[in-house]
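Structure first, commentary second.
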Amino acid sequence: GSSCKLSIPVAAGWNIVSSYCDPAEESMEKIFNPISSDIIQVKDLVGGVFVPAFGFNIGLTNWEAEKGYLVKAGTATTIDINQGKEIDITTNNIPLYNGWNLFAYWLQGNADPAIVFSSIVSRVVQVKNLIGAYTPSFGFSNMGLMQESQGYMVKMNNNATLQYDGNDILPRPIGDEN
């Protein structure tokens, strides 16, 4: 992929974050060091915990691009990935396993979760963010659109592979310069 940099906004409280920019410096300590006073903890779904203020780290040595991370911040801040390689969505994909997964969103724009998961929908029980959920079997979604630099949780009823498609990105509304 081409080189990239990314600023991931983090609100005070809990966030789920991810990056389409695979950091050149993968060390969690180095990524979070500039904002360590703002970050209470970083977690994954398999017991990994990193508490920057205490240098306490179990199982979260390196940032893994296919994963999402739960980040609790004391104040709003920004995680800066200053240099890295952009994930090539045409050749990279995300393995999803039976049960809950915390995964990265690699598209650079918003997309409807129903479209993102359409090719593996029979294996998707539920997709969640911190505000709502998409439950395909009920045709229900109150989570809004999937967004750049956010991470998501998905419960699968079987293993599957998530392959992102740049054509799934929704057009930006006229006049939206962001």
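Structure values in brief
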| quantity | calculated |
| --- | --- |
| Ile131 vs. criteria assigned to a strand (DSSP E or B) and either surrounded by 13 or more Cβ atoms within 10 Å (Cβ to Cβ) or under 15 Å from the mean Cα position of the chain (by Cα) (or both) | no |
| Subset of the stretch 94-113 [surrounded by 15 or more Cβ atoms within 10 Å (Cβ to Cβ), not aromatic (Phe, Trp, Tyr) and not in a strand (DSSP E or B)] | Leu107, Gln108, Asn110, Asp112, Pro113 |
| Any chance Ser2 is modelled with pLDDT under 95, out of contact with any Cys (no Cβ under 8 Å at 6 or more places or on another chain) and small (Gly, Ala, Ser) | yes |
| Meets criteria (among the hydroxyl-bearing types (Ser, Thr, Tyr), open to solvent by 50 Å² or more (accessible area, probe 1.4 Å) and in contact (Cβ under 8 Å) with a residue 24 or more places away in the chain) for Ser18 | no |
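The values are calculated or read from the model by the stated rules, or taken from the named source; none is laboratory data. This is a predicted model, so every value here is computed, not measured. Using ideal geometry, Cβ is built from the backbone for each residue, glycine included, and neighbour counts are taken over all protein chains shown. These accessible areas exclude ligands, DNA and RNA; they are computed on the full protein's heavy atoms, side chains included. Shrake-Rupley method; radii C 1.70, N 1.55, O 1.52, S 1.80 Å.
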